[in-house]
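In what follows, a structure is listed as structure tokens, so that the remarks can point back to it.
The values are calculated or read from the model by the stated rules, or taken from the named source; none is laboratory data. Owing to the predicted nature of the structure, the values given are computational and were not obtained by experimental measurement. So basically every Cβ, Gly included, is an ideal-geometry build from the backbone, and we count neighbours across all protein chains shown. Accessible surface is based on the protein model in full, side chains and every heavy atom, while ligands, DNA and RNA are left aside. Shrake-Rupley method; radii C 1.70, N 1.55, O 1.52, S 1.80 Å.
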Amino acid sequence: MTDLSEHRPFSESQAAPWWTRAVVYQVYPRSFADSDGDGIGDLNGIRSKLDYLAELGVDVVWLSPVYPSPQHDNGYDIRDYEDIDPVFGTLDDFDALLAEAHDRGIRIVMDLVVNHTSDEHEWFRESRSSTDSPKRDWYWWRKPREDGSAPNGWTSAFSGPAWTLDETTGEYYLHLFAKQQPDLNWENPEVRHAVYAMMRRWLDRGVDGFRMDVINLIAKRAELIDGPERGAGDGFVMGPQIHEYLREMHREVFDGREGAYLTVGEMPGVSIDDAALFTDPTQQEVDMVFQFEHVSLDQGAHKFDPIPLDLVALKTSLARWQVGLAETGWNSLYLNNHDQPRLVSRFGNDTDYRYESATLWALVLHLHRGTPYVYQGEEIGMTNVRFESIEHYRDIESLNHYREAVEEFDQAPSSVLGAVHAMGRDNARTPMQWTAGEQAGFTTGTPWIAVNPNYPEINAEADRASGTSVFAFYQRLIELRHTNDTVALGDFELLEPSHPTLYAFTRSSSSERLLIVANVSDDPFTGDLPLDVSTAELLLGNYPVDADLPLRPWEARLYRL
Ligand code: GLC
């Protein structure tokens, strides 16, 4: 493995870790490409698209979970960590995918979901069988309170209580997500070592790292579970042993291995100071984290309470993370993934300025310092979907929220559906739109979730044939990260922080200074640019070149000053 400790902070040195110049592409296997006509994407489907990914130029593919699973949460409820779900294929298919990806210089990163298992995992089946099962303590079991109620009032991320009473032994078990996703007890060293052994087996198989699902929730505060005050979020976000567990994991799994790995921890609620600690190379925990601050700014009281985006809040938030991790640690850069609505609908204009706003956000994001993540379909400007009825939705989070809001809180179905349109995770999960043919070329069968009806217009084939191709724009950005030291490692400075529609910043190194200006608006920007560009070289833009014009709606430019 690259020796990270010598290069802190990462500078313009050739020896900065490989992932400082890399771009990651996330594949959500169910929705990417279906090779066998059962309506669900699979490993051989992904294999058939490796040339597409190689042309895009990405260095890494992060695969959302493909392990055997009852699929209550689309594979984030794992029944067996050691195998592949038959809907996705076999271990042989996986090995073939890995080999063919490696042949093209693409690394494969697996999703590691170890805050919880499925309730069908043999560990949980054993654990629930009796109070003296040898695996009882692998999960969080508690007796009911005197009145029979749950041990505390924690709620699940997917609505309802975080505790379910299990008839077999009359005790409650903890699940921060669905009741089919019981939380593992990381205080038990047997659990930790079973997880590390499983991770080593995947690395032995040839995989190139892990994206770690809600990894900052693995350490709980047992005293808050049992104590009189019974805290909520404080009880499970970033418990006191979290750094110890991640260091132990790193030691047990990666020490002594030759190879170029990538680890990224998904961490809801992580602060900049925490992130600097998690990603400080001398600590040997994770290479980077997914933080949530910038994707929470358009939410009111909760996720399904959308409020308009305040651009000033967004750019100052991202800038704080840039500055906060400049000396120590490293940022991940994302605006889209399988849990977030589509970027161009959420922060752009997906009707009149779809190409312009998709490429504006791409340029802004990819010119920050950090490792960019592209989510399938983002590179062709795919949009949110607005299904007419809740019947068409599949995501457990949206379905549970809808039921609770309508049935228990008496909210109007149309307004709850409106919130699902804006914020629901299925926006990101409708099938990848490859062609204008049937089912967007995703499947020859009936897809597990309907294709977005705009596929005849928005699809990879049409995008790539067009003079304004979002795909081609991403290719340029990815190439810039590979070839330009300032893009990869230069210092970041936000300009005009309080301007309501102009997003402007510089990236600087000893050899050059880059200026990024972006007009986040349907109206032209007629003011002065923050720096003089009269002698600057325009490196990339999303409009026909005419540097004399003020910025047109959703225009973004990259200059070398
Ligand atoms: C993460 C995943 C999400 C999943 C949840 C529970 O947030 O990204 O899709 O539902 O963890 O595993």
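Tabulated data for the structure shown
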quantity	calculated
Selected residue (criterion: nearest to the ligand (Cβ to nearest atom)) from residues of region 110-127 that are out of contact with any Pro (no Cβ under 7 Å at 6 or more places or on another chain) and open to solvent by less than 60 Å² (accessible area, probe 1.4 Å)	115
Members of region 321-347 found to be in a loop (DSSP other than H, G, I, E, B), within 16 Å of the ligand (Cβ to nearest atom) and either open to solvent by less than 10 Å² (accessible area, probe 1.4 Å) or within 14 Å of residue 264 (Cβ to Cβ) (or both), listed by number	334, 335, 336, 337, 338, 341, 342
Candidate set: region 129-148, residues that are in a loop (DSSP other than H, G, I, E, B), at negative phi and touching a strand residue (DSSP E or B) at 6+ places or on another chain (Cβ under 9 Å); chosen: the one most open to solvent (accessible area, probe 1.4 Å)	143
Among (1) β-branched (Val, Ile, Thr); (2) more than 16 Å from the ligand (Cβ to nearest atom); (3) open to solvent by 60 Å² or more (accessible area, probe 1.4 Å) - the single one residue 155 does not satisfy	(2)
Within region 532-546, considering residues that are open to solvent by 50 Å² or more (accessible area, probe 1.4 Å) and assigned to a loop (DSSP other than H, G, I, E, B), the one modelled with the lowest pLDDT	546
Test: residue in region 93-100 that is under 32 Å from the mean Cα position of the chain (by Cα), within 16 Å of the ligand (Cβ to nearest atom), outside any loop (DSSP other than H, G, I, E, B) and surrounded by 14 or more Cβ atoms within 10 Å (Cβ to Cβ)	no
Checklist (1) away from the ligand (no atom under 16 Å from the Cβ); (2) in contact (Cβ under 8 Å) with a residue 12 or more places away in the chain applied to residue 134, failing item	(2)
Residue list for region 289-320, restricted to those being in contact (Cβ under 8 Å) with a residue 24 or more places away in the chain and not in a helix (DSSP H, G or I)	289, 290, 291, 292, 298, 299, 303, 304, 305, 306, 309
Top-ranked residue in region 464-497 [being surrounded by fewer than 19 Cβ atoms within 10 Å (Cβ to Cβ) and of a type in the set (Lys, Arg); ranked as nearest to residue 326 (Cα to Cα)]	476
Long-range neighbours under 8 Å by Cβ, at least six apart or interchain, first residue assigned to a strand (DSSP E or B) within region 494-521, second among the polar types (S, T, N, Q) and open to solvent by 30 Å² or more (accessible area, probe 1.4 Å)	494/316; 514/508; 519/501
Failed criterion for residue 519 (all others in (1) surrounded by fewer than 16 Cβ atoms within 10 Å (Cβ to Cβ); (2) of a type in the set (S, T, N, Q); (3) under 18 Å from residue 314 (Cβ atoms); (4) in contact with a strand residue (DSSP E or B) (Cβ under 8 Å, 6 or more places away or on another chain) hold)	(1)
